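Chemist: Just dropping this structure here.
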Amino acid sequence: MIYKASLIFTGQEMLQEHAMLVKDGVIETIMPKAEINTQEEIVELGNVILLPAFIDIQLYGAFGRLLSEYPDIETISGIVKYCAEGGAAYCLPTVATNTYDTIFHCIDALKSYWQQGGKSVIGLHVEGPWINPAKRGAHREEWIFSPTIAQAKELLDYGNGIIKIITLAPECVSQEVIDLIRSYNIIISAGHSNATYEQATGAFEKGLNLTTHLFNAMSPLQHRAPGLVGAVFNHPKVLCSIVPDGHHVDFSAIQIAKKIMGNRLFVITDAVTETSQGYYKHQLDGDKYTSNGILSGSALTMYKAFQNLTQHCGIDTEEAIRMCSLYPAMALGMQNKIGVLKQGAKADIIVVDKNFQFLKLINS
């Protein structure tokens, strides 16, 4: 079919009076409306703008069901629905530091979701337990450890093909284990880390190219100890996620980081959900969540995050869109397939009005 709209933002440029030809959920071409010459079904969307769908690579639950507490298809389906309502066509459900048994149940849930035809989930994000207890945040200390090869292999074997990202503290994990993780085609993200600038830079030079929620739960930038934040700022290739809710990071700090990092900075929601069950109890506190008095997650959707970037961080609209779509896709190595509207990419589209108010998500 052909989608027609007043404007199409491809992820690189804004096109006027163009149309998008889609076959089997994949974009075949984007062309001026005047060049349409086909018998395909035409969908006239009107005076709207089409944007690449967003991607959220870190959130923990939705609608009162935390994945670690309710590791089942219903929870994952709820997470997908929550993401779609905020303009995200793809996501990585996330499990924070926990027992292997709980993580295994989350792996099982995602496997079952896929087996029953579930879409939109790229894989599982395992955040911990191989982190630094000094930067644990709301993570439970009793489950944190530095793994042996055998301990790492147990998790990697069970989650083979399911786990997409593991957040770990590089100073707490041996190079042998890091090499083992890579051999499973899993992306390693540095986070919940107290690494020195030298340790972090060394890890980046050995191939780590992703970091988790800039500023939060990581060694800060200080003038005599630049820490993990300084190492991220000073590296030409390392990408990092950030939580733009105004609580995890001050909006002015996001402006500063953006000026330094450019296209290496992208958005996650880090969203949790209210729950009174299990080890991670989250209570809604205004427009954020806390656990035992500690900031534990956001109440963001990806579209609200996009609005915060433009309204509070002074970031250009087109660049804010990329921070929610193209750049997360880059973090996953999937920038030619998702997070962009171009030939050969998936036809996952956000429809907004001329004021960039969210109307709907068209998911391939």
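Read-outs throughout are calculated quantities, based only on the coordinates presented, and are distinct from any laboratory measurement. Predicted model, so just to flag it, every value in this text is computed and none were measured. As a convention, Cβ positions derive from the backbone with ideal geometry for all residues, glycine included, and neighbour counts pool all protein chains shown.
Chemist: Of 123, 86, 278, which is the most mobile in a GNM of the chain whose springs link Cα atoms less than 10 angstrom apart?
Modeler: 278
Chemist: With labels modelled as points extended 7 Å from the Cα through the Cβ direction, what inter-label distance (nm, one decimal) is found for residue 99 paired with residue 359?
Modeler: 5.0
Chemist: With everything on Cα atoms, drop me the angle between helix 149-158 and the longest principal axis of the chain, reported from 0 to 90° to the nearest 10.
Modeler: Approximately 30 degrees, to the nearest 10.
Chemist: In square nanometres and to one decimal, what's the mean projected area of the convex hull around the Cα atoms of the stretch 202-301?
Modeler: Quarter of the Cα hull surface area: 7.6 nm².
Chemist: Related question: Round to the nearest 0.05 the FRET efficiency obtained for residue 237 and residue 176 when R0 = 22 Å and r is the Cβ-Cβ distance.
Modeler: 0.40
Chemist: Using a simple spin-label model with points 7 Å from Cα along the Cα→Cβ vector, what separation in nm is obtained for residue 111 and residue 73?
Modeler: 1.5
Chemist: Still on this structure, please answer the following. Please report the relative contact order for the stretch 54-332, taking Cα pairs under 8 Å with a sequence separation of at least 6, and give it as a percent rounded to a whole number.
Modeler: In percent, rounded to a whole number, it is 18.
Chemist: Another question, then. Read phi for every residue in the stretch 260-269 and hand back ³J(HN,Hα) as whole Hz from Karplus 6.51 cos²θ - 1.76 cosθ + 1.60, θ = phi - 60°, with x for Gly and Pro.
Modeler: Using θ = phi - 60°, the values come out as 7, 8, x, 7, 8, 9, 9, 9, 10, 8 Hz.
Chemist: Show the residues, 5+ positions off or on another chain, whose built amide H is closer than 5 Å to the amide H of residue 64.
Modeler: 274
Chemist: Hey, which of these cross-link pairs are over 19 Å Cα-Cα: 237/337; 237/258; 304/360?
Modeler: Checking Cα-Cα distances, 237/337 exceed 19 Å.
Chemist: Pulled fully out, how much extra length does the chain show between residue 34 and residue 205, if you take 0.36 nm times their separation in residues and subtract their Cα-Cα distance?
Modeler: The residue 34-residue 205 span can extend by a further 56.6 nm.
Chemist: Could I ask something else about it? Report the extension gain between residue 24 and residue 184 in nm, rounded to one decimal, defined as 0.36 nm multiplied by the number of residues separating them, less their alpha carbon distance.
Modeler: Full-extension gain reported as 54.6 nm.
Chemist: Can you run phi through the Karplus equation (6.51, -1.76, 1.60; θ = phi - 60°) for the stretch 208-220 and list ³J(HN,Hα) in whole Hz, with x for Gly and Pro?
Modeler: The phi angles translate into 5, 10, 9, 9, 10, 5, 3, 6, 7, 6, 8, 4, x Hz.
Chemist: Using Cα pairs under 8 angstrom and six or more residues apart, how large is the relative contact order of the stretch 1-135, in percent?
Modeler: Relative CO of the stretch 1-135 lands at 20 percent.
Chemist: Indicate the gyration tensor shape class of the stretch 13-165 (rounded, prolate or oblate), computed on the Cα atoms with a ≥ b ≥ c the square roots of the eigenvalues: a/c under 1.5 is rounded; otherwise a/b larger than b/c is prolate and the rest oblate.
Modeler: Since a/c reaches 1.5 and a/b is larger than b/c, the shape of the stretch 13-165 is classed as prolate.
Chemist: Rounded, prolate or oblate for the stretch 1-43? Axes are the square roots of the Cα gyration tensor eigenvalues, ordered a ≥ b ≥ c, and the cut-off for rounded is a/c under 1.5.
Modeler: oblate
Chemist: Separate question: What does the stretch 54-332 give for Rg and for Dmax, in Å, if only its C-alpha atoms count?
Modeler: 17.2, 53
Chemist: Turning to a different aspect of this structure: Any idea what Rg and Dmax come out to for the stretch 19-102 if you just take the C-alpha atoms, in Å?
Modeler: Considering the stretch 19-102 through its Cα atoms, Rg and Dmax are 18.7, 59 Å.
Chemist: Same structure again: In nm, to one decimal, how far is the modelled label at residue 279 from the one at residue 41, with both set 7 Å along Cα→Cβ?
Modeler: 4.9
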